[in-house]
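The values are calculated or read from the model by the stated rules, or taken from the named source; none is laboratory data. Remember, predicted model here, so these are calculated numbers, not experimental data. Ideal geometry is used to build each Cβ from the backbone, glycine not excepted, and the neighbour counts take in all protein chains shown. Just the protein is used for accessible areas: all its heavy atoms, side chains included, with ligands, DNA and RNA removed. Shrake-Rupley method; radii C 1.70, N 1.55, O 1.52, S 1.80 Å.
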Amino acid sequence: QVNWATVNAVQPVTDQAPSSIEDAGTQSFGVAVDQLRLGDIALRFEDRPEAQVQTFTLREAEGAAPFGEPMSLKMKGTLREEPYALSIAASSLKEFLAMAHTRVDLQIDIAGTRIEFGGFTDRLGRNLRTELELAVRGDRLDSLNRLLDMDLPPLEKYSFDAGVVARPGKLEMTGMSLRVGESILSGTALLDDTAQPPVVSLDLVSDSLQL
């Protein structure tokens, strides 16, 4: 069951960047989902014209986003023949759809790996910005081979943690910590696509490196 309401709102023209959903345009909206259930959905896609057709299936999905309450969504299915379980939580459905200054948390378990990220995203105003904390954990690195279509080494107990800041044309990672087996790498990374030529900067240190 879904309730949808739109309200026309007349706003004065100013040079000030919008700071909320209502300030961002001439129309505000409200959305509420008392209960959402989906199931048995299959999508087929190609990464490249010559690539093998891949299948994404959604076996089941349940969620809710009542007015004035947080949004939650849980999904299960398969991607590239790997079973997955995905959960998403946000401050509200209204903020999630508008990508306003909202808290978003995501967790996915797939191919023996758990991926978690959580933080704030803001798609309003001139300073578009997303700040997240990213964490990846797994028992064997080569468990990702089929999902990524790669031939990774069979190293055990891997993890990756970083603070991620994304802005138009820029991606920064701070507090990076990559652990694979007995190897530990830490540092920072920067991708700046606004520079000419584009800049990729890595600053890594290691106290323990397994070769």
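Counting Lys and Arg as +1 and Asp and Glu as -1 over every other residue whose Cβ lies under 10 Å from the Cβ of Pro83, the net charge comes to -1. Entry comment: accessible area of the range 125-211 is 67 Å² per residue, from protein heavy atoms only and a probe of 1.4 Å. Shape verdict for the range 59-211, please, from the Cα gyration tensor: rounded (a/c under 1.5), prolate (a/b greater than b/c) or oblate. Oblate, since a/c reaches 1.5 and b/c is not below a/b. In a DSSP loop and with at most 14 other Cβ atoms within 10 Å, the GluC sites (Glu not before Pro) in the range 79-121 are Glu81.
Here the label points at Asp192 and Ser206, each 7 Å from Cα along the C-beta direction, are separated by 2.7 nm in the simple model. One chain, two ends: Lys157 and Arg80. Fully extended at 0.36 nm per residue, the span grows by 25.4 nm beyond their Cα-Cα distance.
Taking the accessible area of the range 64-119, probe 1.4 Å, and keeping the other protein chains in place, the carbon and sulfur fraction comes to 61%.
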